[in-house]
Every structure is written in structure tokens, then in C-alpha cells.
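For reference, the structure is listed below as C-alpha cells.
The values are calculated or read from the model by the stated rules, or taken from the named source; none is laboratory data. What you are looking at is a predicted structure, and each value in this text was computed from that prediction instead of being measured. Here Cβ is always computed from backbone atoms with ideal geometry, including for glycine, and neighbour counts include all displayed protein chains. For accessibility, only protein heavy atoms count, side chains too; no ligands or nucleic acids. Shrake-Rupley method; radii C 1.70, N 1.55, O 1.52, S 1.80 Å.
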Amino acid sequence: MRINLLAVAAVASMKAQTSLAFAPNAAHGIIPPRTSLLPMEMASSKSDRRPELDETSRSVLNQARNGFLSLVASSFIFLGPAPSIIDPAYAATPTPSAQVGIVSTSSASSSSSKSSKSIQSTKPIDPLSAEKANVEAAKEKYNAAVAASTKAKKGLADANTAFSKAETAAKSAENKVASSKKALIAANDKLADAKAKEGANGGNLAALGEVEKLASKVGSAKDTLKAAETELKTAKANKATAGKSLADATSAEASAGKAEKAAKAALDTATKKLNDSTKKLADAQKKAAKQKAEKEKKEKEAAKKKAEQEKKAKQAAEKKAKEAAKKAKEAADKKAKDIAAREKKLREMERAEKESQSKAKSLDSEIARQKKELEKLKTI
């Protein structure tokens, strides 16, 4: 009754075309147009007006028609495709959060792919990288120290050369001063002698001329001595400067030599440490390779042993299965023989029974015949 009511309501809504559930589907062509129900209505009206049907037949026909309409309406209501019920204009659009989630997911996947690529492109780490870096740094320091020591040695050699030249120039200036002093003293002595002679001769013109000549030489000797003393003073100053430069160069060369020795010692230490680490690493790698080989050997032996055990187990299982199959076959054969023997015995028993029944039947018929013959004889 409830289904019939639903059918009536569905048909009424289709006729009125006011149902919200059917409007979108009708727009998409899922529900047939209203005119498609006219033949059914006409048929129903004609069937209702058939004079040849009695009241019972018309009632049955109406119930069948109502049931069919109920089924069609129920199928449209409960089994209709869900996407066609909703108008595409009112379809839900992705929310901004969902779009952000999609973008974040794609960015995360891209970042993960980049990280995997960077991991794949990463070179293996050298276990001796620190020791090698220390050796390279020590080499650079040692080379710089050698260059500085070489420069200091050249500076010391140049300073020695300059000091030797300054010392030679100073000695030459001292000798020049000494000779100039001797020349001045000699000129003074000659001038004194000439003055004495000029005084003894009483103003002799020749003696007076000699005095003037010697006085001029004394003046020249004084000028020469003064120039020599000035040159000596300059030479001594140059010698002092050269001596200071030589002392500085000597100190610098000593410091550079010490720095070179220290850098060489540091380089030797770093090299020794690298060599020791290399040897330790080689020993460790050799030991690891040996352990790996032993482990692989043990694993190979274990795998071989396991394979042999599995092979033996498989063979035992196959043997057991064969024996079980053999026993099963023997049991089946024995059962078949027993069945065949029993069937044979049963057939023999049935045949014997049939024969006995046939004999009994023949005997009964013979007895009946004899009785008839006897009755006939009695009646004669």
C-alpha cells in the first residue's frame, strides 16, 4: 500500500512537473517527457473501458499497472544516477585550503625529488680528508716560510754587500783624512821654514814670494782636509746605517730560518700523521674486507647447508608423499578389489536368487498344471 501511494505521488509529480528531484533530471533528459506517459494512460483508460473484462479481471489489471508504476517511480527515486540529480551550475568547487594543500603537496614532492637528487649526487666522504687538508695547509705554510727564508737570505746577502762597501768607503775616507792631515802638516812646516828664511834675509822678495806660495798650499791642504773629514763623516754614517740594516737582515734571516724549521717540522708531523692514518685505514679496510669475506663465506656455507637441508627435506617429503601415494594406491586397489569381489558375489547371489525364483515359478506353474489336469481327470 505504501509503494502504491509512492507511485501515485510520483506520477502526479511527473504530470505537474513541479518536483525538485525530477526537474534537473528532466532537464538532462533522464526522465522521459510527459507525453511518454500518454500511451500508458490511454492504454489504461482503454483497458478500463473494455466491456469484455469482468470486474475481477479489471481489478487484477489495475493492480498490475499500479505495481509497475510503483516500480518505475521507485527506481527513479532510489536508483537514479546521483550526479544527474545535482545541477552542474551548483557543483561544489575546490576550496582555497584544498588548492593550497594541492600546491603544498606538489611542492613537497618536488622538494623531496630535489633532495633525493642531491643525495644521489653527493660524493662519498673521504675518511682522511682532515689529515690531507692539514698536510696541504702545512705545505702551504712551509712553502711560504721557504720563500720568506729565501728572501731573508737574499736581503742578508745584500746587506752584507752594502755593509762591506760602506766599510771600505769609510776606511778609504779615514786614509784620505790621514793623508790630508800629513799634507797639511808638511805644508805648515814648509811655510814655517819659508817665513824663517824670509825674516833672516830681511824681506827678500824671492823669500816673500815663496812664503805666499806655501801659504796658498796650506790653505788648499786645509780645504782638502776639511773635505776629507766631511767625506769620512758621511762614510761613517753610511757604515752605521749599513750596519743597522745588516743587523736587521741577520735577525730577519734567523727568524725566517726558525720559521722554516718550524714549518718543516709541522709538515713532517702532518705527513707522518697522514701516513699513519693511511696505514691504519688500510689495515682497517683490509680487516673489514677479511671479515666481510669470512662473513660471506659463512653465509655461503650456511646457505649451502640450508639448501642441502631443504633438498633433503624435499626429498624426504617427496619420498613420504610417494609412499603415501603408494599406500593410498594400494588401499584404493584393495578397496577396488574388495568392491569388485563383493559386486561379483552380489551378482552371483542375485543370479542364484533369480534362478531359484525362476525354478520356483516354473515349479508353481507345473503344480498348477498338474492340479488342472487332475481336476479334469476327476470330472471325466
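Quick test for you: out of ALA249, ALA256, ALA282, pick the one residue that is touching a Ser or Thr at 6+ places or on another chain (Cβ under 9 Å), open to solvent by less than 60 Å² (accessible area, probe 1.4 Å) and either at pLDDT 95 or above or of a type in the set (A, V, I, L, M) (or both). Testing whether each residue is touching a Ser or Thr at 6+ places or on another chain (Cβ under 9 Å), open to solvent by less than 60 Å² (accessible area, probe 1.4 Å) and either at pLDDT 95 or above or of a type in the set (A, V, I, L, M) (or both) leaves just ALA256.
Taking the condition modelled with pLDDT of 90 or more, of a type outside the set (Asp, Glu), open to solvent by 100 Å² or more (accessible area, probe 1.4 Å) and under 46 Å from the mean Cα position of the chain (by Cα), does LYS306 pass? Yes, satisfied. Of all the residues in region 150-163, those that are over 30 Å from THR269 (Cβ atoms) and surrounded by 13 or more Cβ atoms within 10 Å (Cβ to Cβ) number 5. When SER277, SER245, SER251 are checked against the criterion of being in contact (Cβ under 8 Å) with a residue 40 or more places away in the chain, within 30 Å of ALA148 (Cα to Cα) and of a type in the set (Gly, Ala, Ser), SER245 stands alone in meeting it.
Flag: ALA147 does not match the condition of being assigned to a helix (DSSP H, G or I), open to solvent by less than 50 Å² (accessible area, probe 1.4 Å) and modelled with pLDDT of 90 or more. Residues of region 220-239 that are more than 15 Å from GLU174 (Cα to Cα) and either open to solvent by 90 Å² or more (accessible area, probe 1.4 Å) or at pLDDT 90 or above (or both): LYS222, ASP223. The residue that is farthest from the chain's Cα centre (by Cα), counting only those in region 146-201 that are free of Cβ contacts under 8 Å to residues at least 24 places away in the same chain and closer than 30 Å to LYS261 by Cα, is SER164.
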